[in-house]
Amino acid sequence: MTYCVGLLLNEGMVLLSDTRTNAGLDNISTYRKMFAFEEPGERVIVIMTAGSLSVSQTTLAELREAIEDPDATPDTSIMLAPTMLKVAEIVGDRLAKVRADIDHKLSAAQGASASMIVAGQRRGGAMRLFLIYPEGNFIEATEDTPFLQIGEHKYGKPILDRVVRPETSLADAQKAVLLSMDSTLRSNLSVGMPLDLCVIERDACRVTLKRRIEAGDPAFRAMSDAWSNALRDGFARIVI
């Protein structure tokens, strides 16, 4: 399992993923689940993945192959697509095809699937954030729901529901996704460090901040401890 979250805000986008892949109690590994595709100043696309490693890795490999294809077209390459909507369609179609191909090779009981978050902006276009389902269809973040999650999302959702709004600053948004991840790490062992954090400022059309947070990171630990203390103090002050 994994946990990935993306926020679409007035100031930009904030994305966070863990790196744990769990194929059984005795087979836990670390794999990157956040991938950036950039032509700085022209377009930026970040993809986060959850689910079957074989499906997600094959999908990303085929997306890269399509980018490098000398005969690539706006219908096949996410780096040539005219809009972020078209990017989501290309990723969704590729994900559905790979899933179907791999399912065909496996028995029904071993069916594999993956979901993805696609975020980005092209020059002159709006920032957009999509959740791509295993079947290839997708939904988009809106002002009413300015965040999307994939993987083990239930533990980290309450804080996002309470504090994230389109007008939330990028600094507060980073705090929100990190606390959302901290809640998930505490409640589910299938999600684990290190973490990958990415910020894309509005109209920059590039990744403006990228950070890997390792286990034992002192700033993350201090934030986690402060949040735990704040929750305990708030709980103690409530009278029923």
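Read-outs: derived from the displayed coordinates by stated rules, not from any lab. The structure displayed is predicted, hence computed values, not measured ones. Note that we place each Cβ from the backbone using ideal geometry, even for glycine, and neighbour counts take in every protein chain shown.
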- Ala114 long-range amide H proximity, modeled H, under 5 Å: Ser52
- Note on the structure: Non-local residues with an amide H under 5 Å from the amide H of Phe138, with H modelled 1.01 Å from N and Pro and chain starts lacking one, are Tyr133
- The answer for chymotrypsin sites (Phe, Trp or Tyr not before Pro) in segment 1-106 that fall in a DSSP coil and have at most 14 neighbouring Cβ atoms within 10 Å is Tyr31
- For 181-194, 63-76, 5-18, 86-99, ranked highest to lowest by mean beta-carbon neighbours within 10 Å, the order is 5-18, 86-99, 181-194, 63-76
- Cα gyration tensor shape for segment 64-166, rounded if a/c is under 1.5, else prolate or oblate: oblate
- Note on the structure: If every Lys and Arg gets +1 and every Asp and Glu gets -1 at its Cβ, then about the Cα centre the chain yields a dipole, in debye to the nearest 20, of 620
- In degrees from 0 to 90, rounded to the nearest 10, what is the angle of the helix 84-105 Cα long axis to the longest principal axis of the chain? 80
- If you average the sequence gap of Cα pairs under 8 Å that are 6 or more apart and divide by the length of segment 106-240, what percent do you get for the contact order? 16
- For segment 110-205, shape from the Cα gyration tensor axes a ≥ b ≥ c, cut at a/c of 1.5 then a/b versus b/c, turns out oblate
- Could you state the number of Å between the C-alpha centres of segment 149-190 and segment 75-91? 28
- Message: For Lys105, Lys157, which order do you get if you count the other beta carbons within 10 Å of each Cβ and list the fewest first?
- Response: Lys105, Lys157
- Expressed as a rounded percentage, what relative contact order does the chain have, with Cα pairs under 8 Å and six or more residues apart? 28
- Quick calc, Glu38 & Ala61: beta-carbon distance into FRET formula, R0 22 Å, rounding 0.05, result 0.75
- For segment 226-240, Karplus couplings with θ = phi - 60° (6.51, -1.76, 1.60), whole Hz, Gly/Pro x: 5, 5, 4, 5, 5, 5, 5, 5, x, 4, 5, 7, 6, 10, 10
- Note on the structure: The FRET efficiency for Thr73 and Asp161, from their Cβ-Cβ distance with R0 = 41 Å and rounded to 0.05, is 0.50
